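Worksheet: one structure, shown below.
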Amino acid sequence: MKCLLEVENIEKWHGLLKTLDGISLCLGEGEILTLLGPSGGGKTTLLRILAGLEAPDRGRVCLDGRDLAPVEPHRRGVGLVFQDAALFPHLNVEANVAFGLRMAGMKKRERQHRVFEMLELVGLSGLEKRRVDGLSGGERQRVALARSLAPSPKLLLLDEPLGALDRNLRERLARDLRTILKKQQLTAVFVTHDQEEAFSLGDRIAVLLDGRLERMDTPEALSAYPGSPAVARFLGEPNVFTLKDLPAAFRGLFGDSSEETAVLIRPEGIVLRPLIPVDGEAGPFPVLASGEKDAAFLSAHVKERRFFGAFFRVELDFGGGFVLTARLPVSMVPPDEGARVGVALKEGMFFALNDVQKDR
Amino acid sequence: MDTGGSAVRKAVFFKGLLFLIPALFLAYFYFYPLLRMAGLGFSGIWAGDPGLARFFGSRDFVSVLAFTFWQALLSTLLTLVFALPGAWVWARFRFPGRGIFALVVSLPFVLPAVVVAAAFLSLLGPSGILADLSSFLFGRPLYLEDSLILVLLAHGFFNYAVVFRIVGGFWARIPESVWEAARILGAGSFRSFLHVALPLLAPALLSASLLVFLFCFSSFGIILMLGGPAMSTLETEIYRRAMHLFQLPVATLLACVQLILNFAVIFVQGRLEKRFQTALAFSGKPENSLSHGKKRLPVLLALVSGTIMALPLSAMVLASLRVGDSWSLAAYTQLFRESGDGLFLISPAAAMGHSLIFALASMSVALLTGLCAAAFLSRSDLRGKNLMETFFMLPLATSAVPLGLGFILALHWPIDLRGTPLLIVMAHSLVGFPFVMRVLLPAFRSVPKNLMEAAMTLGASPARTWRLVLFPLVLPAVGAAAIFAFTISLGEFGASLFAVRPELATLPVSIYRYLSHPGALNYPKAMAMGVWLMVMTAGSFWLLSRLMGLMKTRSTQDEK
Amino acid sequence: MVLYKIISVLLLLCSMAFPAMAADQVLRVMSHDSFSMDAAHVRAFEEAHGVKVRFLKASGTGAALNQAILSRGKPMADVFYGVDNTFMGRALEADIFLPHASPLLENVPDHLKLDPSFRLTPMAHGDICINYDKAWFAQKGLQPPASLKDLLKPEYKGLLVVQNPATSSPGLGFLLATVDAFGEDGWLAFWEGLRKNDVRVVASWKEAYWGHFTAASKGKRPLVVSYGASPAAEVHFAENKPEKSPTAAITAKGTGFRQVEFAGILRGTALPELAALWLDWMLDKPVQEAIPLSMFMFPANEKAELPEVFQRHAVKLEGTGGLSSERIHAMREVWMDSWTRAVLR
């Protein structure tokens, strides 16, 4: 794949703190990359380096094969949409959108045409003369998007543009945003700390943790295989362990991996079974429904049980400090807290993590 | 492909220029004269000046220092007691005449001390209105002269605006919900003041108090004119020692003591102000939380407060209309007439013209230097900017006398500026500069950095970013700063008296000269000029309040 | 745009500041606040010598001199008017004046020529003494005090207003009069007595005379430290010139101090010849004859004729004291400090 944006081994220090550590990535033309990571993970810094607002301490950024280091931000042809829109309060909607065109020296008539086009694209036709401080949060972000799109940047950077909006609006805007970006065939880097946004928007997702690019892959692949324990934890996986922490009965499931191998058990891959009390040494055995094949089996206490509307979350205490979190569909009502249940893991819903390449 | 290198060079040059303009201005017109003056004083100290032992060896020094502190403290307390009710009423209630009330109580601050003192004398002095009234009513004239009470009253009158603006402005931004919460939690109005308002207002109160303290600590004209010769503060003692007794070593040491104390107060005050600016990011919609309730107490308070503040000003108006023992407009109709031969006592109209020209010119200089300084200091990546900010604020607290003497000592190089009108312009700019910076710096800092960055990513060069984004956004503040500098120059007295040629006298200097010249019409004429000065200042302030309003609406819209 | 405006204003100012560069020579005269001169006279001088005359005024007598001393070598002006005999020691010690023996000095009496080095040229003199309000004393049936000692009597309690010697030259002159009258050992005791007798101290002559003296203001004090020429001024400035002055001066020997005012050419001036011409011109009859009514001092030039109002109402001390200007120069600050402690603290 030909790289439009090529980032090589970027490093950035803020005082004694290394905010970015050896970031390399490549973005093809028309591709949308979402940069996912916790706040303080270095996403915004990377974005600002791409925009030229900060200089890397090491490494280089190339756009279209050209090294950007000596190019000032206003000559880079890189657009940036800010989290708070950063609209110019002294200009109306039209003048905001036209700002970049004015800078590029476009004639007034053409400018008007382009502004009209852009506002139509973001669904704000007719608001040209409105003052920006009268706009709602969603409208402001649309104006900001239109403003960044208007000068046709080679690369569009978006810094959590939906972060300040409420949930419903955010989902709708995220959908629209992808449609617009795709329609314009824009190459874009989208920064977010929201997983859903990252997964629904990006062609690929780059996970940035503590200044390091932990993983970069398509949403599907990332979802299927988080790659490292840190990424898995960041993606919200509750059951990430090293092999030696697991009860012996589970340990066998992972073959002959080493004691230190990190393993992941998907919460939706845990099945609860009622226990049948049987006299004898073997202790309680569960009843197996016919046709199900469970990979492992043990019993545990229900430590906590909570209903989340769409599912139950149950914490299972196996004793010895080992607790698993399970996610059960509404149809499978879990027993009360304190009850003892049999626990089984579904095939394919647990795997070792460490032996994965960082990215393709 | 060397654009980057040249861009960096350009940025460095630009940044350097921003620093250099105010720095050179201060270096040449402030630090250089002060250092020359200090050098002269210290050489006298080195030589073992006998006056030093006489002054510092006796109780004189301690008693002057103690009295300076004491009167400043009392004045500050009195100002607080006096101004807080007004600030409260203005901040919390909507009532008819609210704008006029704010204007009336703000006016005295920019009036020259000569005028304030004259106004007080025409109200409470031996031949003032109170004396006339009381001798008519009780057959015995009641009046004040050369008294601490008179000084304290004048300080309170003068600094009312400081407390009013800082505390009132802050109070108005505390949202109604805070008071409602306090009420729901069972606090009565007194207890909610004690436990909610006071702690919330504490930083603003402290900051305003320190500023008032600073102004009273270095107050000059009021002490000199209302306190009598026996009253001696650091500032007046510096003046007497340097100007009349020519004991430069004593004056220099005193000035150093004063400079250090003032520096400390400014530093602490600046810190406090920054803290309460960040501590209270309440939604800035002051107008919305005003209660409409028809409470009598607030309106009454505003009325009393406003009347008290208006009294000395109206006394001045009355005095301008009283020629001999009858009422007359002669003082006004004669404003354009020269008195005497016109060589030394120019006509009031001419003085007004000079004042305007000087005010415009020094406004430009103060604005240029203040803009550069504010732009430079507002850069977040600057090291030691707190200290630098305090340094730039220093002219605010420097005794005019050592500076004026330093001017004479130093400013003949490279061209002789002494005795030229340019010197007055520069002196006025120096006084206005800290105020300009104080107004501009928060404005610059309040412009979100990402607006500038947005402009840059949209293809605007740094220069265009400045012109098209930053400048329009700080423009109302620039206007406000300009008016500040303008009114300060209008009212400036000390430096003008020092450096002016008689045929170029400004309005305050003219007032002073007319006040001390014989002639039945000269006193009312002086008062009439005071009234004019007041009107001009009030007009400027009216404009200022409009601009501030503009800024406020803009900033509230930003916060939405 | 704004920048252009600023620049244009600055240019305008510069053009205001340096008109001298374009026009003819400028003679700068530095003086104290009470200096006054007839504009017609100044114009005559300007025309006669093709120069412009520009005045600089700097506060009181002492303050103006101090500024001149501070700018020693790089003077702000060419001529200085207004050093008096209380400050002349300071001026001579600082050596800020060029010697100039004016030919017109022959018309000046010897007792005014206090500087043998001719750096200071006497221009005018006046006697600092106590003035009283005639009507007030007549109405109270009280005799005005005849000597300084009388001022300590209870009947004169609360009647006198004086100036602070630290800020006012008549105040300093009166202090010197008391030193002269009571001796260096006794004068402080006199002031302590005055303080007990409720003397009032103000900062300046103007404040004392125009603010507290019963005959010239709504004030409460019928006794004031002023000049022997003040009664003449009362007549001159009155709207319907009265036959007799409403005030009178106490001129008994040992009650006052003779103040002599000098002018000099400032060392470092670019125009020494012109400055000398100015001094000669000031000492010449026309200007000297105008001095009484512009500054209410007696002219130094004996040839100058006094105006009628002066002849009739202005008075001189019946005897002047023996304090030398050297002694004054040596002790002035010590006396002032002692005075301040005794009277004000």
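Could you run through segment C:90-132 and say how many residues are under 22 Å from C:Ala330 (Cβ atoms) and not aromatic (Phe, Trp, Tyr)? Full working, then the answer.
Here is the first cut: in segment C:90-132, the ones under 22 Å from C:Ala330 (Cβ atoms) are C:90-97, C:111-117, C:119-120, C:122, C:128.
Right, trim to not aromatic (Phe, Trp, Tyr) and you get C:90-96, C:111-117, C:119-120, C:122, C:128.
Qualifying residue count for the region: 18.
For segment B:464-493, filtered to residues that are closer than 30 Å to C:Phe35 by Cα and buried (at least 24 other Cβ atoms within 10 Å of the Cβ), the residue that is nearest to the other protein chains (Cβ to nearest Cβ) is B:Ser489. If the condition is being of a type in the set (A, V, I, L, M) and part of a helix (DSSP H, G or I), then segment C:103-120 contributes C:Leu104, C:Leu105, C:Leu112. Looking across A:Val122, A:Val81, one residue alone is at negative phi and either at pLDDT below 90 or among the polar types (S, T, N, Q) (or both). It is A:Val122. So which residues in segment C:217-265 are of a type in the set (A, V, I, L, M), within 14 Å of another protein chain (Cβ to nearest Cβ) and farther than 28 Å from C:Ala181 by Cα, if there are any at all? Once the filter is applied, which keeps residues that are of a type in the set (A, V, I, L, M), within 14 Å of another protein chain (Cβ to nearest Cβ) and farther than 28 Å from C:Ala181 by Cα, segment C:217-265 yields C:Val235, C:Ala238.
Applying the set (1) on the phi > 0 side of the Ramachandran plot; (2) touching a Cys at 6+ places or on another chain (Cβ under 6 Å) to B:Gly97 leaves exactly one unmet item: (2). The helices (runs of 4 or more DSSP H) found entirely in segment B:1-110 that carry 1 or more residues being assigned by TED's automatic domain parsing to the domain that holds B:Leu430 and among the hydroxyl-bearing types (Ser, Thr, Tyr) are B:32-46. If you take the residues of segment B:432-463 that are at the interface with another protein chain (Cβ under 8 Å from one of its Cβ atoms) and part of a loop (DSSP other than H, G, I, E, B), which of them is surrounded by the fewest Cβ atoms within 10 Å (Cβ to Cβ)? Checked segment B:432-463; the qualifying residue surrounded by the fewest Cβ atoms within 10 Å (Cβ to Cβ) is B:Pro448.
Every test in (1) without any contact (Cβ under 8 Å) to a residue 24 or more places away in the chain; (2) touching a Ser or Thr at 6+ places or on another chain (Cβ under 9 Å); (3) surrounded by 18 or more Cβ atoms within 10 Å (Cβ to Cβ) is passed by A:Ala198 save one, and that test is (1). The set of residues from segment B:449-462 being without any contact (Cβ under 8 Å) to a residue 60 or more places away in the chain and of a type outside the set (Val, Ile, Thr) comprises B:Asn450, B:Leu451, B:Met452, B:Glu453, B:Ala454, B:Ala455, B:Met456, B:Leu458, B:Gly459, B:Ala460, B:Ser461. In this structure, does B:Arg383 turn out to be without any contact (Cβ under 8 Å) to a residue 40 or more places away in the chain, farther than 30 Å from C:Val26 by Cα and more than 11 Å from chain C (Cβ to nearest Cβ)? Spelling it out, B:Arg383 is indeed without any contact (Cβ under 8 Å) to a residue 40 or more places away in the chain, farther than 30 Å from C:Val26 by Cα and more than 11 Å from chain C (Cβ to nearest Cβ).
Out of C:Ala64, C:Ala68, I need the residue that is closer than 28 Å to C:Ala304 by Cα, within 13 Å of chain B (Cβ to nearest Cβ) and in a helix (DSSP H, G or I). Which one?
So the residue among C:Ala64, C:Ala68 that is closer than 28 Å to C:Ala304 by Cα, within 13 Å of chain B (Cβ to nearest Cβ) and in a helix (DSSP H, G or I) is C:Ala64.
For segment A:53-88, the tally of residues that are more than 7 Å from chain B (Cβ to nearest Cβ), part of a strand (DSSP E or B) and out of contact with any Pro (no Cβ under 6 Å at 6 or more places or on another chain) stands at 8. Restricting B:Ala331, B:Ala375, B:Ala349, B:Ala319 to those that are assigned to a helix (DSSP H, G or I), away from chain C (no Cβ under 12 Å), modelled with pLDDT under 80 and at negative phi reduces the list to B:Ala331. Residue count for segment C:234-269, restricted to those that are closer than 22 Å to C:Ala177 by Cβ and surrounded by fewer than 16 Cβ atoms within 10 Å (Cβ to Cβ): 1. For segment C:107-121, indicate whether the set of residues that are outside the structural domain of C:Leu223 (by TED's automatic domain parsing), modelled with pLDDT under 95 and aromatic (Phe, Trp, Tyr) is non-empty. Yes, some residue in segment C:107-121 is outside the structural domain of C:Leu223 (by TED's automatic domain parsing), modelled with pLDDT under 95 and aromatic (Phe, Trp, Tyr). Inspect segment B:146-157 for any residue being farther than 24 Å from B:Val439 by Cβ, among the hydroxyl-bearing types (Ser, Thr, Tyr) and either in contact with a Leu (Cβ under 8 Å, 6 or more places away or on another chain) or surrounded by 15 or more Cβ atoms within 10 Å (Cβ to Cβ) (or both) and give the result as yes or no. Yes - at least one qualifying residue is present in segment B:146-157. Number of residues in segment B:531-557 that are modelled with pLDDT under 65 and among the hydroxyl-bearing types (Ser, Thr, Tyr): the value is 3. For segment C:71-81, a tally of residues being more than 7 Å from every other protein chain (Cβ to nearest Cβ) and not aromatic (Phe, Trp, Tyr) returns 6.
Has segment A:110-126 got at least one residue that is buried (at least 19 other Cβ atoms within 10 Å of the Cβ), aliphatic (A, V, I, L, M), part of a loop (DSSP other than H, G, I, E, B) and more than 9 Å from chain B (Cβ to nearest Cβ)? Yes; the residues of segment A:110-126 include at least one that is buried (at least 19 other Cβ atoms within 10 Å of the Cβ), aliphatic (A, V, I, L, M), part of a loop (DSSP other than H, G, I, E, B) and more than 9 Å from chain B (Cβ to nearest Cβ).
Every residue, every condition in (1) more than 21 Å from C:Met295 (Cα to Cα); (2) among the hydrophobic types (A, V, I, L, M, F, W, C); (3) more than 9 Å from chain B (Cβ to nearest Cβ); (4) buried (at least 23 other Cβ atoms within 10 Å of the Cβ), yes or no:
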| position | (1), (2), (3), (4) |
| --- | --- |
| C:His32 | no, no, yes, no |
| C:Ser36 | no, no, no, no |
| C:Val51 | yes, yes, yes, no |
| C:Arg54 | no, no, no, no |
| C:Val83 | no, yes, yes, yes |
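Looking only at segment B:393-431, residues that are more than 14 Å from chain C (Cβ to nearest Cβ) and either surrounded by fewer than 23 Cβ atoms within 10 Å (Cβ to Cβ) or assigned to a helix (DSSP H, G or I) (or both) come to 8 in all.
For every residue, the table says whether it meets (1) small (Gly, Ala, Ser); (2) crowded, with 18+ Cβ neighbours inside 10 Å.
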{"position": "C:Pro272", "(1), (2)": "no, no"}
{"position": "C:Val287", "(1), (2)": "no, yes"}
{"position": "C:Phe296", "(1), (2)": "no, yes"}
{"position": "C:Ala300", "(1), (2)": "yes, yes"}
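One residue alone among C:Leu65, C:Leu98 is within 30 Å of B:Leu417 (Cβ to Cβ) and in contact (Cβ under 8 Å) with a residue 40 or more places away in the chain, and that residue is C:Leu98. For segment C:260-297, the tally of residues that are under 12 Å from C:Val29 (Cβ atoms) and either modelled with pLDDT of 95 or more or in contact with a strand residue (DSSP E or B) (Cβ under 9 Å, 6 or more places away or on another chain) (or both) stands at 11. Within segment A:48-58, is there a residue that is closer than 25 Å to B:Ala455 by Cα, in contact (Cβ under 8 Å) with a residue 12 or more places away in the chain and surrounded by fewer than 16 Cβ atoms within 10 Å (Cβ to Cβ)? Yes; the residues of segment A:48-58 include at least one that is closer than 25 Å to B:Ala455 by Cα, in contact (Cβ under 8 Å) with a residue 12 or more places away in the chain and surrounded by fewer than 16 Cβ atoms within 10 Å (Cβ to Cβ).
Checking each residue in segment A:1-52 for being among the β-branched types (Val, Ile, Thr), part of a helix (DSSP H, G or I) and within 19 Å of the chain's Cα centre (by Cα) picks out A:Thr44, A:Thr45.
This table checks each residue for (1) part of a strand (DSSP E or B); (2) modelled with pLDDT under 90; (3) more than 21 Å from A:Thr45 (Cβ to Cβ); (4) not polar (S, T, N, Q).
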| residue | (1), (2), (3), (4) |
| --- | --- |
| A:Val207 | yes, no, no, yes |
| A:Glu220 | no, no, yes, yes |
| A:Ser223 | no, yes, yes, no |
| A:Gly236 | no, yes, yes, yes |
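The values are calculated or read from the model by the stated rules, or taken from the named source; none is laboratory data. Bear in mind that the values here come from a model prediction, so they are computed numbers and not experimental data. Reconstructed Cβ throughout: ideal geometry from the backbone, glycine too, with neighbour counts over all protein chains shown.
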